[in-house]
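Report on the following structure.
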Amino acid sequence: MTAPLGRMLRHEWRGLVADRTAWLVLGLFGFLVAYAVMNGATWNRTQSRTLDSAAAQADARLAGLRQALDSLPADAPPPGPFGRDPRSPASVGGRDGAQYTVLPPGPLAATAVGQSDLLPQYFQVSMRSRQTFANAQEIENPSNLLEGRFDLAFVIGSLFPLLILALSYNLLSAEREQGTLALVASQPVSLGRHLLAKVLVRGGFITLVAIVVALVSLAAAGVSLTGPGAPARIGLWILVVVSYGALWFAAALAANVVPRSSAANAVLLATVWLAVVVVVPAVLNVVAKTTHPVPSRVELISAMRTASNDASARGAALLAKVYGDHPELAPSESVDAGEFMSRTYAVQDEVDRQIAPVLARFDEQLVRQQQLAERYRFLSPAVVTHAALTDLAGTGAPRYRAWLDQVLGFHQQWQEFFIPRAFRRQWLTPADFDAIPRFRYQAEPDSAVRGRVAVGLLGLAIPTVVLLLLAGNRIRRFEVAG
Amino acid sequence: MLEAIGLTKTYDGSVALDDLNLTVRAGEVFCLLGANGAGKTTTINLFLRFIAPTKGTARIAGLDVADHPLETKRHLAYIPEQVTLYRHLTGLENLEYFSVLGGHPDYTEEQLLGFFDQVGLSRDAAGKRVGTYSKGMRQKVGIAIARAKQATALLLDEPTSGLDPKASNEFSELLRFMSVSGVAVLMATHDLFRAKESGTRVGIMKRGRLVTTLDTGDVGHADLEKIYLQHMHD
């Protein structure tokens with residue numbers, strides 16, 4: 001019989017406990033995890049406050065307008081074309097009642113900031129052109145934006161592997177160099193089993209630190225771990241962390257089964273880390289941007305200006321065309337001053353039509369870039385992991401795209417509600433107010449998230465298995481001496 | 001019982017061990033003599049399967065080492081020139097762990113300390129971290145590990161080099177004990193005196209070949225040295 005694994009684990013545990021470097025690594029890691037969670041939670045709180053107040057404002061605005069409408073005397077004069085009046089569709093739909101379409105943070109938003117600090121999480125949607133909100137971005141500290149926030153997804157994706165490698169780059173090479181391997185290898189225990197005990201103890205401990213510290217910090221930061229959808233997501237989060245850690249331990253094993261010095265192993269594994277965590281993601285980004293370049297912003301803006309100048313010059317003709325095509329939009333009574341506003345809508349409509357192809361190309365190229373990045377993300381387990389972690393946090397790209405589609409759909413609904421009324425100068429009634437479209441974010445089903453994360457887990461498991469098979473095959477030929 | 005049949009090892013064309021045929025029976029203490037690079041350590045490493053032979057077979061208790069790398073190590077104890085232990089752990093913890101690996105997970109602490117008593121390592125020292133040990137103390141732990149394993153074959157690779165005479169003498173006692181217990185012992189050494197004292201047979205190696213074998217009973221100390229030097233001058 002070969003040595004019981006439990007006793008081997010106990011021995012490795014004793015060795016780890018007695019090793020001060022290991023404690024330093026683990027202590028540092030625990031601190032980084034806790035700090036990252038606190039950082040993410042702080043950002044999440046700030047953002048939630050903004051989003052809550054945006055959503056509250058949107059409600060309050062409509063309620064206020066409705067109240068103003070109710071308190072108007074019956075004999076109040078009709079609103080002028082530019083005036084702010086609760087009865088005017090142009091005033092309510094264009095400005096005073098404009099709605100904030102908020103993307104609410106997911107249950108684990110504090111675990112991954114993702115690009116939620118870069119991409120707007122709410123838009124002010126009015127009856128004006130899409131360009132008026134889609135390009136209005138608030139830009140904050142650019143160096144923060146460039147480096148990304150120090151969040152848990154960053155600690156897991158980039159630092160976790162580095163600390164795993166610090167614990168495991170010399171699993172076998174150090175024993176070979178110090179000489180303990182000779183005594184171990186003269187015992188009836190396979191090197192594979194010896195390595196397994198080492199990896200289980202180190203891997204188990206550092207992963208446990210990651211999970212326990214993260215969950216405790218999340219709870220301490222006031223994140224509900226039992227709220228709707230949270231336990232399942234936490235379960236998947238743990239699976240992702242374990243799988244990603246296993247992959248890096250497998251990489252360290254594969255490096256150690258070839259007789260090489262610890263220094264050579266360290267250099268090799270550091271290079272692999274650099275490639276997987278830094279180089280491949282950056283190259284993917286560059287390749288996506290060069291193979292599917294988006295049209296330049298300057299081109300977009302100049303197209304808009306040309307279209308706008310052109311349409312403005314033909315304003316009267318455009319309006320006449322609108323009335324010709326849609327006689328039902330003509331106002332019941334001719335008010336000359338209102339003509340100007342109507343002409344504006346006609347011009348805006350024409351500009352939108354003219355720049356639509358440029359915008360479509362913009363969107364198509366962006367989609368192609370994202371598709372390419374998603375297809376080749378399996379080249380870097382770090383990218384796979386980051387995608388899975390942001391997905392679970394609700395800050396991932398798929399959720400954002402789905403929300404953006406909902407916003408654009410809502411914008412169209414809003415325009416369809418207000419613009420015809422504005423053309424007709426049909427004053428809003430209390431019944432109209434009740435019918436004003438409201439934005440309600442439709443969350444994607446949890447099963448969609450689970451499906452995507454499962455694919456990511458597979459993308460981590462396959463290279464792990466391949467590395468372990470290679471290592472298992474190579475270790476049979478490992479020569480302790482010579 | 002240890003057996004080498006036509007055992008050969010070459011590194012990139014240079015011969016480290018050339019067609020070694022050797023049998024060490026139970027109770028025998030066979031000492032390999034020879035200059036550095038004569039192939040003594042290569043022989044021991046081949047029995048341990050630390051390296052793969054180019055040709056030939058090494059057998060322990062009738063089992064081919066190549067086919068039964070783990071099974072053969074059950075029968076085998078090994079003491080290298082430098083016994084390197086886990087320095088963060090105590091001598092006792094090291095002995096316990098290597099006994100677990102060696103197939104004896106059930107020793108009580110008292111039994112383990114008993115092995116230290118036998119090799120002359122104080123119980124006080126056994127509770128200290130190995131990082132604080134002298135070379136002699138580490139070699140004693142090595143002997144304790146070998147005794148605790150209850151092996152039928154013992155391989156030693158220059159275990160006494162750099163030890164003081166008293167510590168070196170303790171090795172002779174170990175060899176006598178093993179021999180009486182019916183263990184087959186193969187020891188590589190530079191120590192002609194120790195070989196004559198504790199060995200039952202000696203073999204002289206030169207450039208990978210076993211050039212001569214003698215019964216230690218048939219030669220005196222001076223004769224052994226003369227024969228050895230003769231071979232070295234050839």
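Derivation of every value follows stated rules applied to the coordinates shown; laboratory data play no part. Everything numeric in this text was worked out from a predicted model, so none of it was measured. Ideal geometry is used to build each Cβ from the backbone, glycine not excepted, and the neighbour counts take in all protein chains shown.
Dipole magnitude for the range B:78-150: about 340 debye, using +1 per Lys or Arg Cβ and -1 per Asp or Glu Cβ, origin at the Cα centre.
Between A:ALA431 and A:LYS289, take the C-beta separation as r, use R0 = 56 Å, and let me know the FRET efficiency to the nearest 0.05. Efficiency, rounded to the nearest 0.05: 0.65. Centre-to-centre separation between the Cα atoms of the range B:1-34 and those of the range A:209-258: 53 Å.
With an 8 Å cut-off on Cα pairs and a minimum separation of 6 or more residues, tell me the relative contact order of chain A in percent. If you can, show how the numbers build up before the last one.
Working: 541 pairs, mean separation 125.2, N = 482.
Contact order relative to length: 26 percent.
The charge dipole of the protein assembly as shown, taken about its Cα centre with unit charges on the Cβ atoms of Lys, Arg (+1), Asp and Glu (-1) only, comes to about 600 debye. Modelled spin labels at A:GLU444 and A:ARG297, positioned 7 Å past Cα toward Cβ, are 2.7 nm from each other. Let me know the whole percent of all Cα-Cα pairs from the range A:200-239 that are separated by more than 10 Å. Counting pairs separated by more than 10 Å, the tail of P(r) holds 72 percent. Between the listed residues A:LEU467, B:LEU70, B:SER198, the Cα displaced farthest toward the positive end of the dipole of the protein assembly as shown, a dipole computed from Cβ unit charges relative to the Cα centre, is found at B:SER198. Only aspartates and glutamates eight or more places from A:LYS198 in sequence, or on another chain, were considered; those with a Cα closer than 15 Å are A:GLU12, A:ASP19, A:GLU175. Under 15 Å of direct C-alpha separation, and excluding same-chain neighbours fewer than eight residues apart, B:LYS9 reaches these aspartates and glutamates: A:GLU479, B:ASP18, B:ASP19.
Dividing the alpha-carbon radius of gyration of chain B by 2.2 N^0.38 Å (N being the number of residues), what value is obtained? Intermediate values should be presented prior to the final figure.
Details: Rg = 17.6 Å, N = 234, 2.2 N^0.38 = 17.5 Å.
For chain B, the normalised Cα radius of gyration is 1.01.
FRET efficiency for A:VAL258 and B:THR23, Cβ-Cβ distance as r, R0 = 22 Å, nearest 0.05? Efficiency for this residue pair is about 0.05.
Per-residue extension of 0.36 nm, minus the Cα-Cα distance of A:LEU5 and A:ASP405, leaves a gain of 138.6 nm for this segment.
The mean number of Cβ atoms from other chains found within 10 Å of a Cβ in peptide B:39-48 is 2, as a whole number.
Under the classification rounded if a/c is under 1.5, otherwise prolate if a/b is larger than b/c and oblate if not, where does the range A:169-319 fall, given a ≥ b ≥ c as square roots of the Cα gyration tensor eigenvalues? Verdict is oblate for the range A:169-319.
A cut-off of 5 Å between modelled amide H atoms, ignoring neighbours fewer than 5 places along the same chain, links B:LYS206 with B:VAL211. Tell me which chymotrypsin sites (Phe, Trp or Tyr not before Pro) from the range A:21-126 have a DSSP coil assignment and no more than 14 other beta carbons within 10 Å of their own. Passing sites in the range A:21-126 are A:PHE82. The antiparallel fraction among DSSP beta bridges confined to the protein assembly as shown stands at about 60%. Answer rounded, prolate or oblate for the range B:78-150, using the Cα gyration tensor with square roots of eigenvalues a ≥ b ≥ c: rounded when a/c is under 1.5, else prolate when a/b is larger than b/c, else oblate. Rounded, because the longest to shortest axis ratio a/c is under 1.5. Rounded to the nearest 0.05, what FRET efficiency is calculated for A:ALA461 and A:ALA174 with R0 set to 45 Å and r the Cβ-Cβ distance? Efficiency, rounded to the nearest 0.05: 0.95. Which one of A:VAL280, A:GLY396, A:GLY315 has its Cα pushed farthest toward the positive end of the charge dipole of the range A:264-401, where Lys and Arg give +1 and Asp and Glu give -1 at the Cβ? My answer, from the dipole projection, is A:VAL280. Spin-label model, A:ALA320 to B:ASN169: label points 7 Å out along the Cα-to-beta-carbon direction sit 12.7 nm apart. When the charge dipole of chain A is built from unit charges on Cβ atoms (+1 for Lys and Arg, -1 for Asp and Glu) and taken about the Cα centre, the candidate among A:ALA220, A:ALA22, A:VAL453 whose Cα reaches farthest toward its positive end is A:ALA22.
Could you work out the local net charge near B:LEU20, counting Lys and Arg as +1, Asp and Glu as -1, over the other residues with Cβ closer than 13 Å to its Cβ?
Working: positive: B:LYS9, B:LYS40, B:LYS55, B:ARG59, B:LYS206, B:ARG207, B:ARG209; negative: B:GLU3, B:ASP18, B:ASP19.
Value of the local net charge: +4.
With a/c under 1.5 counting as rounded, go ahead and sort the protein assembly as shown into rounded, prolate or oblate using the C-alpha gyration tensor (a ≥ b ≥ c being the square roots of the eigenvalues; past the cut-off, prolate if a/b is larger than b/c, else oblate). Prolate, because a/c is 1.5 or more and a/b exceeds b/c.
Taking GluC sites (Glu not before Pro) across the range A:269-347, the ones in a DSSP loop with at most 16 further Cβ atoms lying within 10 angstrom of their Cβ are A:GLU333.
Show me the trypsin sites (Lys or Arg not before Pro) within the range B:170-217 that DSSP assigns to loop and that have at most 11 other Cβ atoms within 10 Å of their Cβ.
Working: sites: B:ARG176, B:ARG194, B:LYS196, B:ARG201, B:LYS206, B:ARG207, B:ARG209; in loops: B:ARG207.
Qualifying residues, ordered by number: none.
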